[in-house]
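Working notes, beginning with the structure itself.
The values are calculated or read from the model by the stated rules, or taken from the named source; none is laboratory data. A quick note: this is a predicted structure, and the numbers were derived from the prediction, not measured. Virtual Cβ from ideal backbone geometry, glycine too; neighbours counted across all protein chains shown.
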Amino acid sequence: MQQDPLNDNTRTVSWVSYILHLIVAVSAIIPGAQLGPTLLVVALIIDLVKRGDVTGWEATHFSYRIRTVMWVALLYLLTAPLWFLFIFPGFVAWGLISIWFLYRIVLGMVRLSGHRPMTE
């Protein structure tokens, strides 16, 4: 059975985006490995540009990644004052946000590899 080349192409784009997100999520947890902002913007732009080219279960992954990035950005922004007031609460808050971000990216990668949609 021959696969649709468009689906293979968008699946590759999806994997690239997930890998960029994974690098960002891991670097957010490891002190001193802050590769995040640039790679995150690149991954977000890829998702925003390619989202219209995808249909079906693969489209749910693009929306999922975009939604995840928006939530993480909002949570980081809301907890940023903790760094200025008290360093430890800021560290804890951003650590928890980063772990949640990593969890969502790994979950998405697992579901993508199983050709399953994101239901959240």
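Inspect all residues belonging to segment 56-72 and state whether any of them is more than 14 Å from residue 18 (Cβ to Cβ) and touching a Leu at 6+ places or on another chain (Cβ under 6 Å). No.
Give me a count of the residues in segment 54-91 that are among the basic types (Lys, Arg) and surrounded by fewer than 18 Cβ atoms within 10 Å (Cβ to Cβ).
Let us first name the residues in segment 54-91 that are among the basic types (Lys, Arg), namely 65, 67.
With the extra rule that they be surrounded by fewer than 18 Cβ atoms within 10 Å (Cβ to Cβ), the set shrinks to 67.
So the answer is 1.
Can you tell which of 55, 68, 60 is among the β-branched types (Val, Ile, Thr), closer than 16 Å to residue 10 by Cβ and part of a helix (DSSP H, G or I)?
Details: 55 fails: part of a helix (DSSP H, G or I); 68 fails: closer than 16 Å to residue 10 by Cβ.
Among 55, 68, 60, only 60 is among the β-branched types (Val, Ile, Thr), closer than 16 Å to residue 10 by Cβ and part of a helix (DSSP H, G or I).
Could you please find all residues in segment 76-96 being touching a residue at least 40 places away in the same chain (Cβ under 8 Å) and not small (Gly, Ala, Ser)? Listed by number, the list holds a single entry, 94.
Going through segment 92-114 one residue at a time, which ones are exposed (fewer than 14 other Cβ atoms within 10 Å of the Cβ) and assigned to a helix (DSSP H, G or I)?
Filtering segment 92-114 down to residues exposed (fewer than 14 other Cβ atoms within 10 Å of the Cβ) leaves 92, 95-96, 99, 103, 110, 113-114.
Passing the criteria: 92, 95, 96, 99, 103, 110, 113.
Scanning for something touching a Ser or Thr at 6+ places or on another chain (Cβ under 9 Å) and among the aliphatic types (A, V, I, L, M), does segment 76-90 turn up at least one residue? Taking every residue of segment 76-90 in turn, none turns out to be touching a Ser or Thr at 6+ places or on another chain (Cβ under 9 Å) and among the aliphatic types (A, V, I, L, M). From the list 24, 42, exactly one residue is at pLDDT 80 or above and surrounded by 20 or more Cβ atoms within 10 Å (Cβ to Cβ). Which is it? None of the others qualify; the one that does is 24.
Residue-level check: of (1) under 11 Å from the mean Cα position of the chain (by Cα); (2) modelled with pLDDT under 90; (3) charged (D, E, K, R), residue 104 misses just (2).
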